[in-house]
1. Mind sorting A:Leu286, A:Leu38, A:Leu281, A:Leu58 by how few other Cβ atoms lie within 10 Å of their own Cβ, fewest first?
2. Over the C-alpha atoms of the protein assembly as shown, what are the Rg and the largest Cα-to-Cα span, Dmax, in Å?
3. Treat each spin label as a single point 7 Å out from the Cα along the C-beta direction, and report the B:Ile28 to B:Ser189 distance in nm.
4. Just how large is the dipole of segment B:40-146 about the Cα centre, in debye to the nearest 20, putting +1 at every Lys and Arg Cβ and -1 at every Asp and Glu Cβ?
5. Ranked by Cβ crowding within 10 angstrom, fewest neighbours first, how are B:Lys272, B:Lys26 ordered?
6. Convert 37 °C to kelvin, take the viscosity as 0.692 mPa s, use the Kirkwood radius over C-alpha pairs of chain B as Rh, and evaluate the Stokes-Einstein diffusion coefficient in µm²/s, rounded to a whole number.
7. Taking only complete DSSP H runs, can you tell me which helices of chain B stretch 15 Å or more along their own long axis by Cα positions and average at least -1.0 on the Kyte-Doolittle scale?
8. Placing unit charges on C-beta atoms (Lys and Arg positive, Asp and Glu negative, everything else neutral), compute the dipole magnitude of chain B about its Cα centre in debye, rounded to 20.
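Taken together, the values in this text are just the output of simple stated rules run on the coordinates, not laboratory data. It should be emphasised that the depicted structure is a prediction, and the values quoted were computed from it without experimental measurement. A quick note on method: Cβ atoms are made from the backbone with ideal geometry, for glycine too, and the neighbour counts reach across all protein chains shown.
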Amino acid sequence: MAQATVDRTVTLESLTGAPKRRRKEAIIHRLFQAAAALSIVLSALIVLSLVREAFAFLAAIDLSSLWAGGWYPRRSAFDLRVIITGTAVIAGIAMLVAGPLGLGAAIYLSEYANPRVRRILKPIVEILAGIPSVVLGFFALLWISPEIVQRLNPSASFFNLLAAGIGVGILVMPLVASVAEDALRSVPMALREASYGLGARKMSTTIRVVFPAAVSGIVAALILGLSRAIGETMVVALAAGSSGALSFDPFQPGQTMTGAMAQLAIGGDQVKGSVSAVQSLYFVGLVLFLMTLALNIISERFVRRVRQRY
Amino acid sequence: MVVRAEKLPTSDIVAAHLSGKRADIKGILFQTALLMSLMLALLFLIVLLTEVLISALPVFQERGLQSFLEGSLSGFPDRAGVSQALYGSGMLMLFVVLFAFPLGVAAAIYLEEYAVDTRFNRFITVNIRNLAGVPSVVFGLLGLAIFVGALRSLTGGSSLIAGGLTLAVLVLPIVIITSSEALRAVPQSIREAGYGVGATKWEVIRSHVLPSAAPGIFTGTILAVSRAIGEAAPILLVGAVTGLLGQAQGGFLDQMQGRFTAMPIVIFEWTKEANTEFKALASAGIVVLMAIILLTNAAAIFLRNKYERKW
């Protein structure tokens, strides 16, 4: 039996490197981890600040004022029906615009456009996506409202839900188009080829094969678009007006959750007198946050379904 | 084997279909309809841009670009300009770059290079993705509660610091996501080569991974900044000034803790004014803002096309 020659054996220890070098590595690791964990801190801060003020708000007001009497925060009337109706009408109109336009653009870019045409047409969607929402608000108020809405219905108000809805729709369309296009492009070529092999035409292949194969990604695109439309602020704040009365009429002004928040913020100094008016901001913010979070989680589920399959 | 020459009734139909000269009218209509949706988007874009340019023209013709850029917020449309808004937007972007860029890239490095598949790390990823979907107004509420409220002694209330930090938090998830994608695109073999010559993890990242991913990371950051520059809602909630703003005074810190305004806020304010002269000012402001955004986006695309490597 030979004695173990200790000095020449390569142990795990001798491979782990200088302690100083390892310490530095560990510190860097922790720093990066801290940066990543910061996102959790931020989310927690968002939820905490929203929840705390929202509960203070609910404790301070008469709860029956949440469901009657219109939306007049300075007069302590916080009728949620008004702002939820406004949000629903605007989001509905926006999706009527962004759904067909976005999906149409996505299908054309993914299935019909050859690479050269795509290079020319894709930037249209990209430039549209880069336009700030205030600019679309300006456009909705000063062009869509007089040139489209008031031509459709001469008795329409200058500030109206329809113009704001169309503006939000144009804003959301690029998002719908790009998410849906990703879904369509991730459908394997083999499915299309199989369909052509059976003698199907381009249109039947697109509608009966590619579209169903990508349907969960397309649903995700629409839900994501809806979530963005609900949270859109500046177009609504400029073009929808600020009526506090309950109204379903798209030709009349209305109030949305985001619009109500912007109005409260602009009114800044006058609001300071009433504590619950400021706190209502957080309550509405919390409702908005939960709605968009739910929609985003649902759409994430749908996207994952596409990824799993291919 | 004998090939049957007998003609089946179906073969006529098949032959007709295979050689069909019939125009596929439905197909053409479908394709046209799809193209129309893109053309409608293009039409909106063109109308928007021409409308803005036409309505901005009087401002640039009568006063000149310089007078508009140098003027400050004013109740008199013929003297009002965007100097304070440009300064405010510039400073806000400085904060975004100073905070969101290092933190975002560090978080992306952790998620792509260090994180193993634990529940905690998965939670971070899901959380970042959800954070990216939170409406921008809600970030404004966060800024109002934390940066304006809780940290008032540090930020000085509704100040440039508070607004800048709010926007930095807003774009942080976007920076993390785009940087992660850029890091993921670096092939594993590059890392293995580094480990093979005895480099530690950080050495591999610093000397191999980051240089390869840099174009993607910079492009993503520039795009995030150009998104932040157009955001009005969050800084409106934080308390950007929509009316008149005094000349900034005091030292650098005092200015940073002072009240502020920004390009999208000024445009918002002028659009709301009933007066047509202010509408013209709003259009002129939009022209300036869009020029800045298009230039930054063009820079990002140029950077991507010039330096991006395909592995």
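1. Numbers: A:Leu286 22, A:Leu38 18, A:Leu281 27, A:Leu58 14.
The most exposed by this proxy come first: A:Leu58, A:Leu38, A:Leu286, A:Leu281.
2. Both quantities, over Cα of the protein assembly as shown: 28.0, 106 Å.
3. Each label point lies 7 Å from its Cα, and together they span 5.0 nm.
4. Values: 5 positive and 7 negative charges, 56 e Å.
Computed charge dipole of segment B:40-146: roughly 280 debye.
5. Values: B:Lys272 17, B:Lys26 11.
Ascending number of Cβ neighbours within 10 Å: B:Lys26, B:Lys272.
6. Values: Rh = 23.4 Å.
Roughly 140 µm²/s, to the nearest whole number.
7. Details: long enough: B:9-19 (16 Å, 0.50); B:25-62 (54 Å, 1.87); B:83-95 (18 Å, 0.97); B:119-132 (20 Å, -0.02); B:160-184 (35 Å, 1.82); B:210-229 (28 Å, 1.19); B:276-307 (46 Å, 1.21).
Helix filter hits for chain B: B:9-19, B:25-62, B:83-95, B:119-132, B:160-184, B:210-229, B:276-307.
8. Numbers: 23 positive and 19 negative charges, 173 e Å.
The calculation lands at about 820 debye.
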